[in-house]
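Novice: My questions all concern the structure below.
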Amino acid sequence: MSRRTAPAGRVRPDAPGRANALRNPAFWNFGGLFFFYFAIWQLAFTFLSRWLEVEAGMSHGNIGLLNSVMALTAFCLQPVYGVVQDRLGFRKHLFAFVVLVGALMGPFFAFVFTPLVEFDQVLGAVVGGLFLSLTLNAGVGIVETFNERNSRAHGFEYGHVRLFGSVAGAIASLVGGFVWASNPNSIWWAGTFSAIVLGTLLLVARTPKPGEPGFAALDEGGDGSADAPRAKIDKRVLLELLRNRSFVGFMVLMFGAAALYDVFDQQFPNYFARFVVGDLDPQVLFSRVVFAQILLEALVMIAMPFVINRIGAKRGLQLFALVLVVRVVGSALFTQTSLLILWRLLAAVEMPLMLISVMKYITRMFDVRISATAYMIGFNMAKQVGIVIFSWVFGAAYDSIGFSSSYLIMGVVVLAVTAVAGVLMEDDRPHARADGRGTATREPEPVNA
């Protein structure tokens, strides 16, 4: 699948300068979309495992099952979501569906999930995983690709508008700690409130229309012309993408490293709580640690696009995986509360490395006209396969061999998939423009090349 791109260094003349992003109303609007979506995300994933264990009384194995169902649901939806979103272009239909499900979070946990768990934990895990995935594991791909495409259309750096999500995570973690201390069940109603605000911002968000300059971002490969033919998403296009050696390597890395990033964090609050001494509620302390981590993450996110432009997205992804290994193995071997806090704070570097590198690798190495499809399959779908497998496996391992031994095995798995992916993935730096977008025109690399 060749890319249709412009000579190196050429920037669309109609795009606003990136230095002027702060004066661009769209920057704040799409930043708000990131903010309130990731407020929902952070409230859910900071408190979910602890709430399931303490409030719902679920075993670690069934908590792992719920996370596996979330991932399996997302896996099934990713190829459909990717193709539909590429065909929708700038239209908001799928994003609106994600918002609607998020708004139902409070009523779901109050009136549906809790009675189901009391009746049967496995049934509750399956239904809860299905529901949460619609707005979280599966929905996040819609939010990321919709906003990334609009960031190119409006002429600002994706990584900079994405930092609103990091700020939201920090604030949601801190505020969520107080909400938890007051009433743990109110966490889900706070998610409903955030979804209502998110829906309002989505309603007023202005996206480019056909004939407007920003609409060229749908086909942007370099010349920025709006009259270039749209990529037709059919079986041939998907097969070409799946035969691309770099894409296969990218999927391997997402299957292992990106999936285990999420799996490691799923039940880490329960592990962390075992080593907290004193009168402070472990979950409240953990929420404050997450607040500090994500605040640092927001600061790192500001500089990360420039770092990835310099070192390359492939190296950025490899560095992300190595930091994950340090965090996982460190948590297994050094369990003083202060050191566990340090390992958690390392995620402030991990997340920006992964997010920016993923988007830049996709837009540099594959046809940007099907960027949503490449993101959904290469990142989300591959990651969800890993989460489906590893959530259940490591959830059971926590019960049988303990957290520490499970974490050591996890670290070895991450190293192995990183080595395999490094052999398959092509270096993206020769295909980068001065502003970080892709430039090169090339034919796809078959896996057996």
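Novice: Given the protein chains as shown and a 1.4 Å probe, how many square angstrom of residue 171 are accessible, to the nearest 10?
Specialist: 80 Å²
Novice: Can I ask one more? Extending each Cα 7 Å along its Cβ direction at residue 299 and residue 186, get the distance between those two points in nm, one decimal.
Specialist: 3.0 nm
Novice: Need one value: the accessible area of residue 315 in square angstrom, 1.4 angstrom probe, rounded to the nearest 10.
Specialist: 120 Å²
Novice: Could you compute the FRET efficiency for residue 100 and residue 80, with r as their C-beta to C-beta distance and R0 at 25 Å, rounded to 0.05? Provide the component values of the computation, followed by the final result.
Specialist: On the way: r = 17 Å, r/R0 = 0.69.
Efficiency, rounded to the nearest 0.05: 0.90.
Novice: I would also like to ask the following. Which ³J(HN,Hα) values in Hz, rounded to whole numbers, follow from the phi angles of the range 258-269 under the Karplus curve 6.51 cos²θ - 1.76 cosθ + 1.60, where θ = phi - 60° and Gly and Pro get x?
Specialist: 5, 5, 6, 4, 6, 4, 4, 6, 3, 10, 4, x
Novice: Here's something else I'd like to know. Along the range 109-114, what does the Karplus equation 6.51 cos²θ - 1.76 cosθ + 1.60 (θ = phi - 60°) give for ³J(HN,Hα), rounded to whole Hz, x for Gly and Pro?
Specialist: 6, 6, 10, 10, 5, 4
Novice: Moving on to the next point. For the range 89-203, with every protein chain kept in place, what is the accessible area per residue (1.4 Å probe, Å²)? Walk me through the numbers on the way to the answer.
Specialist: Working: 3880 Å² over 115 residues.
Solvent-accessible surface per residue comes out at 34 Å².
Novice: In nm, give the distance between the simple-model label positions of residue 326 and residue 91, each being 7 Å from the Cα along the Cα-to-Cβ direction.
Specialist: 4.7 nm
Novice: Kindly state, to the nearest 0.05, the FRET efficiency for residue 416 paired with residue 346, given R0 = 25 Å and r defined as their beta-carbon distance. Mind dumping the intermediate values first?
Specialist: Numbers: r = 21 Å, r/R0 = 0.82.
Taking R0 as 25 Å, the efficiency between residue 416 and residue 346 is 0.75.
Novice: So what is the relative contact order for the range 261-404, in percent, with contacts set as C-alpha pairs under 8 Å and at least six apart? List each step's numbers first, then the result.
Specialist: Details: 102 pairs, mean separation 42.4, N = 144.
For the range 261-404, the relative contact order is 29 percent.
Novice: Express in % the proportion of alpha carbon pairs of the range 236-276 at distances exceeding 11 Å.
Specialist: Details: 573 of 820 pairs.
Result for the distance tail: 70 percent.
Novice: Please report, as a whole percent, how much of the solvent-accessible surface of the range 268-332 comes from carbon and sulfur atoms (probe radius 1.4 Å). It would help to have the intermediate numbers written out before the result.
Specialist: Details: 1760 of 2610 Å².
Within the range 268-332, the accessible surface is 68 percent carbon and sulfur.
Novice: Which far-off residues, 5 or more places away or on another chain, put their amide H under 5 Å from the one on residue 24, with H placed in the peptide plane?
Specialist: When sequence neighbours closer than 5 places are left aside, there are no close amide H contacts.
Novice: Mind jotting down a quarter of the surface of the convex hull over the alpha carbons of the range 42-138, in square nanometres, one decimal?
Specialist: Values: hull surface 24.5 nm².
Averaged projected area of the range 42-138's Cα convex hull equals 6.1 nm².
Novice: OK, next. How far is it, in nm, from the label point at residue 54 to the one at residue 204 when both lie 7 Å from their Cα along the line to the Cβ?
Specialist: The two pseudo-label positions are separated by 3.7 nm.
Novice: Rounded to the nearest 20 Debye, what is the dipole magnitude of the range 302-379 about its Cα centre when Lys and Arg each give +1 and Asp and Glu each give -1 at the C-beta? Mind dumping the intermediate values first?
Specialist: Numbers: 8 positive and 2 negative charges, 38 e Å.
For this selection, approximately 180 debye.
Novice: Which order do peptides 133-141, 291-299 fall in by mean Cβ count within 10 Å, highest first?
Specialist: Details: 133-141: 24.2, 291-299: 20.2.
Top to bottom by mean Cβ count within 10 Å: 133-141, 291-299.
Novice: Leaving ligands and nucleic acids out of the surface, order 367, 281 by accessible area at 1.4 Å, largest first. If you can, show how the numbers build up before the last one.
Specialist: Values: 367 10, 281 60 Å².
Solvent-accessible surface, decreasing: 281, 367.
Novice: Something else now. Have a look at 89, 51, 126 and report the one farthest towards the positive end of the charge dipole of the range 41-195, computed about the Cα centre with Cβ charges (Lys/Arg +1, Asp/Glu -1).
Specialist: 89
Novice: Could you run the Karplus curve 6.51 cos²θ - 1.76 cosθ + 1.60 with θ = phi - 60° over the range 55-70 and give me ³J(HN,Hα) per residue in whole Hz, x for Gly and Pro?
Specialist: 8, 8, x, 7, 6, 4, x, 6, 5, x, 4, 4, 5, 5, 5, 4
Novice: Right, next: Tell me the per residue accessible area of the range 306-384 using a 1.4 Å probe; a whole number in Å² is fine. Kindly include the intermediate steps, with their values, before the conclusion.
Specialist: Details: 2200 Å² over 79 residues.
On a per-residue basis, the range 306-384 sits at 28 Å².
The values are calculated or read from the model by the stated rules, or taken from the named source; none is laboratory data. Remember, it's a predicted structure, so these values are computed and weren't measured experimentally. All Cβ positions, glycine included, derive from the backbone under ideal geometry; neighbour counts span all protein chains shown. When the accessible area is computed, the model is the full protein with side chains, heavy atoms only, and any ligands, DNA or RNA have been set aside. Shrake-Rupley method; radii C 1.70, N 1.55, O 1.52, S 1.80 Å.
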